[in-house]
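Reviewing the structure listed below.
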Amino acid sequence: MLDLKQVTVNYGNFSAVQQAEISVEKGEIVVLLGANGAGKSTTFQAISGLVKPSEGEILFKGNQISGKSPDKIVQMGIVQCAEDRKLFPQMSVEQNLIMGAYVHRKNRKLIKQTLREVYDLFPILYDKRGEFAGSLSGGQQQMLAIGRALMAKPDLMLLDEPSIGLAPLIVEQMFESIQHINKEGTTILLAEQNANAALSIADKGYVYENGRIVVEGKSEELFANE
Ligand code: ADP
Ligand code: ADP
């Protein structure tokens, strides 16, 4: 579904990502691991069109997407849920969700149906649908950010550090929800520093060090190498 071929992203003469080779098959959960600053977010930004690779190709369902605009990439079926969430704190939970459906904004029936799916997945969002997004706890805001990304009905969801700043118990629930989203048919590429939790739900992983992928393999193999 997604193939990065020799992708390099330079900032001036600094390479944030060097010759990344990543392949994500339809239906998989794939995780990018590595310390802060290793190049995971930059890889996501390259996929979602926020930065242009200096070298290499990014193919999505066989089409070159490298250099396309972020809007175009969303329309093609890739939605990113950023680490900083970018919610609208002064808008209600439901308004935030509906913003996520702008890709298919003309189809009210589809929006309603998708809203129901998101509320089934995260019942707490239904309970809080009329409240300001800014009034939610960290874990609830993360659910809202993921719910909003789902509103676009993506084929591929990019999740940047979904567990960051969450209490351990909530982290477990978050990974269960991600697994559920995947089972419902969304392919997932995830970036995490929380390696064990991420590997427990992932099919395979790539480990970054200073912009380079130094290890890759199936989750079981990476677990063993921990
Ligand atoms: P990670 O997501 O793994 O924490 P990043 O992709 O955010 O890593 O960062 C990789 C490296 O690129 C870091 O050294 C970071 O400081 C640098 N970097 C990220 N964005 C920029 C930018 N816009 N300009 C210059 N350097 C950047
Ligand atoms: P992340 O690891 O998720 O990228 P950061 O705090 O490193 O989080 O980056 C936040 C934002 O600042 C990102 O948009 C990133 O591109 C930008 N950034 C990070 N490092 C640098 C840098 N050295 N110079 C300029 N922008 C940077």
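A short reminder: the numbers here are calculations on the coordinates, not readings from a lab. Keep in mind that this is a model prediction, so the values were computed, not measured. Because the Cβ atoms are built from the backbone with ideal geometry, glycine has one as well, and the counts that use them run over all protein chains shown.
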Through the Karplus equation 6.51 cos²θ - 1.76 cosθ + 1.60, θ set to phi - 60°, convert the phi angles of the stretch 131-140 into ³J(HN,Hα) values in whole Hz; use x for Gly and Pro. 8, 4, 4, x, 8, 6, 5, x, x, 5
Would you work out the charge dipole size for the chain about its Cα centre, treating the Cβ of every Lys and Arg as +1 and the Cβ of every Asp and Glu as -1, and quote it to the nearest 20 debye? 1180
DSSP beta bridges in the chain [antiparallel fraction, %, rounded to 5]: 55
Take the residue pairs Lys153/Lys204; Lys5/Lys40; Lys26/Lys106; Lys26/Lys153 and return only those whose Cα atoms are more than 20 Å apart. Lys153/Lys204; Lys26/Lys106
Taking the alpha-carbon set of the chain, what are its Rg and Dmax in Å? 17.0, 50
Scan around Glu28 for amide H atoms under 5 Å from its own, H built in the peptide plane at 1.01 Å from N, and keep only partners 5 or more places away or cross-chain. Ile188
Pairwise FRET efficiency - Asp3 versus Phe223, Cβ, R0 = 25 Å, nearest 0.05: 0.50
Taking 8 Å as the Cα distance limit and 6 or more residues as the minimum spacing, I'd like the relative contact order of the stretch 146-226 as a percentage. 26
If one builds a Gaussian network model of the chain from Cα atoms under 10 Å apart, the most fluctuating residue listed among Ala197, Ala133, Ala20 is Ala197
Return the single residue from Leu156, Leu32, Leu199 with maximal mean-square fluctuation; model: Gaussian network over the chain, springs between Cα atoms under 10 Å. Leu199
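How far, in nm, would the chain grow between Lys183 and Ser54 when pulled straight, counting 0.36 nm per residue and subtracting the alpha carbon separation? Display every interim value, and only then the final one.
On the way: separation 129, 0.36 × 129 = 46.44 nm, distance 3.49 nm.
Full extension from Lys183 to Ser54 adds 43.0 nm.
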Farthest towards the positive end of the dipole of the stretch 78-153, among Val103, Met91, Val79 and with Cβ unit charges of +1 on Lys and Arg and -1 on Asp and Glu, lies the Cα of Val103
Please identify, among Glu117, Glu28, Glu192, the residue showing maximal mean-square fluctuation in a Gaussian network model of the chain using a 10 angstrom Cα cutoff. Glu117
Over the chain: helical MRE at 222 nm, DSSP H runs n ≥ 4 each giving -39500 (n - 2.57), nearest 500: -10500 deg cm²/dmol
